[in-house]
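Below is one structure, written out as structure tokens; comments come after it.
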Amino acid sequence: MEEFNTVMSGHLLLAGGSEFGGRMADPDRRSIELAGGLDAPIAIIPTAAAPDNNHRRAGENGRRWFAGLGATNVTVVPLVDRDSAADENVVDQIKEAKLVYLLGGFPGYLCETLRDSPAWNAMLAARAAGAVLAGSSAGSMVLCQHLNDPRGQGVTTGLGLIPNAIVLPHHNTFGQGWAERLRDLLPSATLIGIDEETAMISDRSTRDWHVHGAGDVTLYLPGQPLSHPQRYLAGQDLRLQTSG
């Protein structure tokens with residue numbers, strides 16, 4: 001497994017949902033800056049929206065959003081299933097990106113489509129070369145070691161970039177309702193609640209993070225009561241425990 005505290009690579013962005021509007025402009029402008037500026041190639045990945053045939057609309061919403069922020073090189077990558085996750089053109093587009101953005105939708109489908117695929121390996125390669133890897137809602141959920149799949153198999157294994165953690169997106173609306181069950185199932189994990197229109201962006205080691213946007217990031221730490229979480233407002237820094 002990667003030594004998360006020592007290996008330096010591109011930044012991560014975890015967003016809580018409602019990604020194309022309002023105060024999400026704050027973290028997304030920062031991610032564009034970290035990616036190299038307005039001309040940096042941005043790859044929108046609509047995979048999680050494919051099960052209900054919403055990927056085209058979601059992808060176009062993402063393209064328009066980043067173009068509205070001034071980005072000039074935004075591509076919607078047609079990655080919708082395991083076959084396209086192995087397509088050479090798809091893989092090449094991801095490798096060349098400096099910001100890869102995983103949209104929301106069905107987290108279990110997204111995770112299993114990407115797992116051990118050439119497209120996922122391309123994302124890892126892009127990040128190793130300094131690209132920002134971002135995800136909102138389902139897109140952020142799959143990046144952790146643990147994944148809550150409310151429509152599928154319950155708690156499963158995610159893609160593992162953030163060890164000993166699980167994301168609760170839409171925390172200020174319904175995500176906080178998952179906390180009690182997930183604490184029982186994962187007593188040693190950090191539960192990361194992220195509000196809508198809110199994101200946290202890592203340093204290059206995924207240890208230290210900065211909060212951006214409209215709401216809060218809430219950490220439910222192992223061994224601490226759920227009634228006393230740690231809350232971080234926009235503009236504040238936080239540190240994740242990265243060992244189990």
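Every number here is computed from the coordinates shown, using simple stated rules; none is lab data. Here the structure is a predicted model, which means the values were calculated and not measured. All Cβ positions, glycine included, derive from the backbone under ideal geometry; neighbour counts span all protein chains shown.
Around the amide H of A71, modelled in the peptide plane, lies no amide H under 5 Å away from a residue 5 or more places distant or on another chain.
Within the set of other residues whose C-beta is less than 13 Å from the C-beta of R151, count the net charge using Lys and Arg as +1 and Asp and Glu as -1.
-3
3J(HN,Hα) along region 107-119, derived from phi through the Karplus expression 6.51 cos²θ - 1.76 cosθ + 1.60 where θ = phi - 60°, amounts to x, x, 5, 4, 5, 6, 5, 7, 3, 6, 9, x, 5 Hz, with x in place of Gly and Pro. The gain in end-to-end length when the D116 to D208 segment is fully stretched comes to 30.4 nm, 0.36 nm per residue minus the alpha carbon separation. Using the Cα centre of region 12-238 as origin and beta-carbon charges of +1 (Lys, Arg) and -1 (Asp, Glu), tell me which of G70, Y220, A119 is placed farthest towards the positive end of the dipole. In region 12-238, that residue is Y220. Placing pseudo-labels 7 Å out from each Cα toward the beta carbon at H228 and R29 gives an inter-label distance of 3.8 nm. What's the local net charge at Y101, with K and R +1, D and E -1, over the other residues with C-beta under 14 Å away? After counting each charged neighbour, the total is +3.
Given the DSSP H assignment, sum -39500 (n - 2.57) over each helix run of at least 4 residues in the chain and divide by its residue total; what's the result at 222 nm in deg cm²/dmol, nearest 500?
Counting only the DSSP helices, I get -7500 deg cm²/dmol.
Between R64 and E180, the distance separating the two model label sites (each 7 Å from Cα on the Cα→Cβ line) works out to 4.0 nm.
Between (1) 1.04; (2) 1.15; (3) 0.91, which entry matches Cα Rg over 2.2 N^0.38 Å as derived from the coordinates of this structure? Working out Cα Rg over 2.2 N^0.38 Å from the coordinates points to (3).
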